[in-house]
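Everything below concerns the one structure shown next.
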Amino acid sequence: MDELFPRTTVAGISLPRMLIGTNWMAGWSHRSPAADCMIKERHAESSSIVPMLEAFVNNGIDAIMGSFSLTPVITKAVREAEEKLGKKIIIIDTPALNTEDSAAGRREAEAMIKQSKELGAAFCLIHHSAAEQLVNKGKRSIERIDDYTKMIRDAGLIPGLSAHMPELIVYSDLNHYDVETYIQIYNCMGFLMQVEIETVNQIIQHAKKPVMTIKPMAAGRCTPFVGLNFSWATIRDCDMVTVGCLNEREALEDIEISRAALSARAAKIQKRSSPNQNQAAFGDK
């Protein structure tokens, strides 16, 4: 292992600039039902996830993002990896809060935030499916967001927003909401991005808080070499890239590609396989 992975700071907390993603542990492939089933079958038990977490943590990548109340097998794997390695893994939870404007809705949201705390989370970033229900484009605001960030603060967690809709970053910065970081979809293919890549890049570049970018490989629609090089080349030093993997070998490849990109050197990765490896197009070495 080389030196530990580069880090940034969010709300006074040191975080690795690469974050561990969980879609390819939980079965949310963004590919097909068959791919979802394949992932769920592979990671039905925590024992298949722990080696992947070890690969990340041994390289100084000690923060993981996901919806942990929905994925007990991943939560269990985090605990097992922490015990095995003797190191703490920082949990960035993304709960889909009930944002209904009622006493019952607020009670349910508060209970879910408290559950994040009980699960050991340090950060509570409101899932985009909940946060986007509060957006008022006419007023350029996120209505009642302060209610939920206060609940998060009161629970002893750091508040943030999952911003699939890039306006959330703009409106949060404009109105000075109590938000310490953002999640934003960002990849070289524009996959699931609601406006052009160039526009989202500018939003990230001007964001007042660090941004946790997600889906750098467009859910497998581009290779890690292409996706990760694009992301690292076009975000700020304070921003992060969230990487999802199926196994520890993929994790190590992504780490090496990322280290190389950040150091402006060639990545030390193997050639792709072929029925005939002896092809001039593959190079001499």
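The values are calculated or read from the model by the stated rules, or taken from the named source; none is laboratory data. All figures in this text were calculated on a predicted structure; none of them were measured in a lab. Counting neighbours? That spans all protein chains shown, and the Cβs are built from the backbone with ideal geometry, glycine included. Surface accessibility is based on the protein's heavy atoms, side chains included, excluding ligands, DNA and RNA. Shrake-Rupley method; radii C 1.70, N 1.55, O 1.52, S 1.80 Å.
Does any residue in the range 245-262 that is free of Cβ contacts under 8 Å to residues at least 24 places away in the same chain come within less than 8 Å, Cβ to Cβ, of a residue that is open to solvent by 60 Å² or more (accessible area, probe 1.4 Å) six or more places away or on a different chain, and which pairs are these?
Sorted first by the residue in the range 245-262, then by its partner, the pairs are E256/K268; E256/I269; A260/A266; A260/K268.
Exactly one of these conditions fails for Q133: (1) of a type in the set (S, T, N, Q); (2) more than 28 Å from A77 (Cα to Cα); (3) under 18 Å from the mean Cα position of the chain (by Cα). Give me its number.
(3)
Run down A155, A122 and say which single residue is closer than 20 Å to V241 by Cβ and at pLDDT 95 or above. Outline the logic, then answer.
Details: A155 fails: closer than 20 Å to V241 by Cβ.
From the options A155, A122, the qualifying one is A122.
Quick check on the range 1-36: of everything there that is free of Cβ contacts under 8 Å to residues at least 60 places away in the same chain and under 17 Å from the mean Cα position of the chain (by Cα), which residue is surrounded by the fewest Cβ atoms within 10 Å (Cβ to Cβ)?
Among them, the one singled out is S14.
Mind listing whichever residues of the range 37-72 are in contact with a helix residue (DSSP H, G or I) (Cβ under 9 Å, 6 or more places away or on another chain), under 13 Å from W24 (Cβ atoms), of a type outside the set (K, R) and open to solvent by 20 Å² or more (accessible area, probe 1.4 Å)?
Listed by number, the list holds a single entry, S48.
Scan A104, A111 and give me the residue that is more than 20 Å from G156 (Cβ to Cβ), out of contact with any Cys (no Cβ under 6 Å at 6 or more places or on another chain) and either at pLDDT below 95 or among the aliphatic types (A, V, I, L, M) (or both). Let's see the steps before the verdict.
Numbers: A111 fails: more than 20 Å from G156 (Cβ to Cβ).
Just one listed residue meets the conditions, A104.
Would you confirm whether or not the range 112-123 contains a residue that is without any contact (Cβ under 8 Å) to a residue 60 or more places away in the chain and farther than 18 Å from F68 by Cα?
Within the range 112-123, not a single residue is without any contact (Cβ under 8 Å) to a residue 60 or more places away in the chain and farther than 18 Å from F68 by Cα.
So if I check each of T181, T234, T199, T223, which one is of a type in the set (S, T, Y) and open to solvent by less than 20 Å² (accessible area, probe 1.4 Å)?
None of the other options fit; the residue is T181.
Taking the condition of being in a loop (DSSP other than H, G, I, E, B) and within 20 Å of S141 (Cβ to Cβ), how many residues in the range 177-214 meet it? Walk me through it before giving the result.
The initial filter retains those residues of the range 177-214 that are in a loop (DSSP other than H, G, I, E, B), namely 177-181, 186-196, 207-210.
In the following step, the residues that additionally are within 20 Å of S141 (Cβ to Cβ) were identified as 177-181, 194-195, 207-209.
Final tally of qualifying residues: 10.
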